[in-house]
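The values are calculated or read from the model by the stated rules, or taken from the named source; none is laboratory data. Note that the structure is predicted; figures quoted are calculated from it, not measured. As a convention, Cβ positions derive from the backbone with ideal geometry for all residues, glycine included, and neighbour counts pool all protein chains shown. When the accessible area is computed, the model is the full protein with side chains, heavy atoms only, and any ligands, DNA or RNA have been set aside. Shrake-Rupley method; radii C 1.70, N 1.55, O 1.52, S 1.80 Å.
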Amino acid sequence: MLWKFLYGLHTYYFPFNVFRYITFRTIYATVTALFVSLLLGPWLIERLKEHRVGQIIREDGPRSHFQKKGTPTMGGILILLSVLFSVLLWADLSNPLVWVALIALLGYGAIGCWDDYMKVKLGNPKGIGAKRKFILQVALALVLAIFLYGRLGPHSSDLLVPFFKRISPHLGLLYIPFALLVIVGSSNAVNLTDGMDGLAIVPATICFATYATISYLVGHARFAHYLRIFHVSGAGEVAIFCGALVGASLGFLWFNSYPAQMFMGDTGSLALGGALGVVALITKHELLLAIVGGVFVVETLSVIIQVAYFKMTGGKRVFRMAPIHHHFEQKGLPEPKIIVRFWIISLVFALFALSTLKLR
Ligand code: 57M
């Protein structure tokens with residue numbers, strides 16, 4: 001909204017023309033979301049404390065987490081509000097892809113919010129229940145997948161395979177279940193990772209920064225042609241959404257860094273993961289998400305392996321505790337060390353993923 005007004009002023013003063021550019025607006029969206037979250041953060045923490053929205057800590061978890069009992073949770077609200085405000089100011093709202101991304105973020109945020117509310121306020125440790133939560137996640141993903149299938153142009157159901165320029169399988173209608181897997185899988189993977197201060201938010205920030213770059217390239221016909229990736233008309237505008245997420249996430253990190261003043265709750269983790277999955281689909285870089293978000297994949301695999309082995313052997317474990325960050329914690333590594341090491345690994349995954357745009 002704001003950008004259109006500012007751009008309109010270029011007829012009076014030409015430098016306002018700069019508001020037309022996606023790169024410029026992405027930077028402003030990032031900074032706006034960062035400042036909004038920094039400004040709103042202390043206010044939200046006070047409100048959450050006032051309404052006693054404090055974290056319940058499981059007794060079978062690591063002992064070092066017991067002291068975190070009562071930490072304000074549902075801080076994901078901060079991310080949702082900051083992104084919404086920034087996107088409304090800086091993105092082209094006539095672009096349907098921006099709305100799909102926003103709906104994914106807010107929709108998964110709403111599911112998470114309901115779950116958190118049931119857990120924290122109504123004291124039900126199961127929240128809305130795993131089954132109901134899963135059905136809601138799948139239902140929302142189905143709506144998003146059907147829309148994207150119809151909207152992404154001639155290559156909507158073709159896949160780009162990292163490292164291989166000549167292989168791009170055509171999924172046809174199988175695209176719909178595939179898209180469901182990407183969205184729901186991504187949403188749950190971020191949720192599983194969110195078990196230490198700043199552990200999920202930094203890899204998520206890195207993922208959104210990476211997909212901001214990819215959105216820009218995919219939305220630019222000439223760059224897409226040069227890199228031999230699919231060109232998706234209008235996808236460039238999604239870079240602004242990703243930029244807003246980078247800013248909002250950094251603002252959230254300000255309060256969530258060790259020792260955390262608030263947790264994001266499922267409100268934040270489901271929203272971030274759902275939005276990430278949808279952005280990967282919009283940009284036609286779905287498979288690359290497994291590399292960009294490598295940390296989320298490793299965390300999820302550690303749970304799958306642990307649970308499968310536990311069931312097969314009647315109670316034996318591969319890791320001291322899953323997800324894998326708890327394994328290192330049980331081995332005695334201090335929480336901040338594990339967190340920062342996961343950040344470094346996450347950055348390496350993202351850089352490697354970006355390099356595959358040329359390694360094909
Ligand atoms: C939620 N939630 C954190 C916070 C956050 C199948 C199984 C592996 C599922 C898994 C699970 O439930 N994972 C999803 C993880 C929780 O954080 C809240 O939840 C939100 C995210 N959804 O925003 O509101 C706790 O994590 C800590 N935390 C921080 N800082 C943060 O910034 O310290 C979170 C954010 C918080 C806080 O302590 O209370 C969580 O871990 O519960 N289950 C598990 O992760 C459990 N693993 C397990 O049961 N493993 C078994 C199985 C697989 C066989 C095993 O290995 O033997 C672990 N989690 C806990 N206790 N708390 C282990 C036991």
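Results, tabulated for the structure shown:
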| read-out | value |
| --- | --- |
| Positions within segment 170-181 being surrounded by fewer than 24 Cβ atoms within 10 Å (Cβ to Cβ) and not in a loop (DSSP other than H, G, I, E, B), in sequence order | His170, Gly172, Leu173, Leu174, Tyr175, Ile176, Pro177, Phe178, Leu180, Leu181 |
| Selection from segment 306-324 of residues that are more than 9 Å from the ligand (Cβ to nearest atom) and within 16 Å of Asp60 (Cα to Cα) | Gly315, Ile324 |
| Boolean, Asn191 is closer than 26 Å to Ser64 by Cβ, among the polar types (S, T, N, Q) and open to solvent by 10 Å² or more (accessible area, probe 1.4 Å) | yes |
| Of the criteria (1) open to solvent by 30 Å² or more (accessible area, probe 1.4 Å); (2) away from the ligand (no atom under 16 Å from the Cβ), which one Lys337 fails | (2) |
| Condition met for Thr205 (among the β-branched types (Val, Ile, Thr), touching a residue at least 24 places away in the same chain (Cβ under 8 Å), open to solvent by less than 10 Å² (accessible area, probe 1.4 Å) and within 16 Å of the ligand (Cβ to nearest atom)) | no |
| From Pro125, Pro62, Pro72, Pro154, residue being farther than 28 Å from Pro323 by Cβ and of a type outside the set (Lys, Arg) | Pro154 |
| Test: Phe223 is of a type in the set (Phe, Trp, Tyr), part of a helix (DSSP H, G or I) and crowded, with 19+ Cβ neighbours inside 10 Å | no |
| Selected residue (criterion: farthest from Ala260 (Cα to Cα)) from residues of segment 57-99 that are among the small types (Gly, Ala, Ser) and within 16 Å of the ligand (Cβ to nearest atom) | Gly61 |
| Residues located in segment 261-298, provided they are among the polar types (S, T, N, Q) and within 16 Å of the ligand (Cβ to nearest atom) | Gln261, Thr267, Ser269 |
| Per-region count, segment 282-329, residues polar (S, T, N, Q), surrounded by 14 or more Cβ atoms within 10 Å (Cβ to Cβ) and over 30 Å from Tyr175 (Cβ atoms) | 1 |
| Qualifying residue in segment 15-27 (condition: hydroxyl-bearing (Ser, Thr, Tyr) and over 24 Å from Trp254 (Cα atoms)) | yes |
| Hits in segment 1-59 (condition: free of Cβ contacts under 8 Å to residues at least 24 places away in the same chain, among the aliphatic types (A, V, I, L, M) and under 30 Å from Met118 (Cα atoms)) | Leu39, Ile57 |
| Pairs, first polar (S, T, N, Q) and assigned to a helix (DSSP H, G or I) in segment 309-337, second open to solvent by 50 Å² or more (accessible area, probe 1.4 Å) and modelled with pLDDT of 95 or more, C-beta under 8 Å, six or more apart | Gln330/Arg320 |
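For every residue, the table says whether it meets (1) assigned to a loop (DSSP other than H, G, I, E, B); (2) within 16 Å of the ligand (Cβ to nearest atom); (3) not polar (S, T, N, Q).
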| position | (1), (2), (3) |
| --- | --- |
| Leu192 | no, yes, yes |
| Tyr211 | no, no, yes |
| Ser233 | yes, no, no |
| Val238 | no, no, yes |
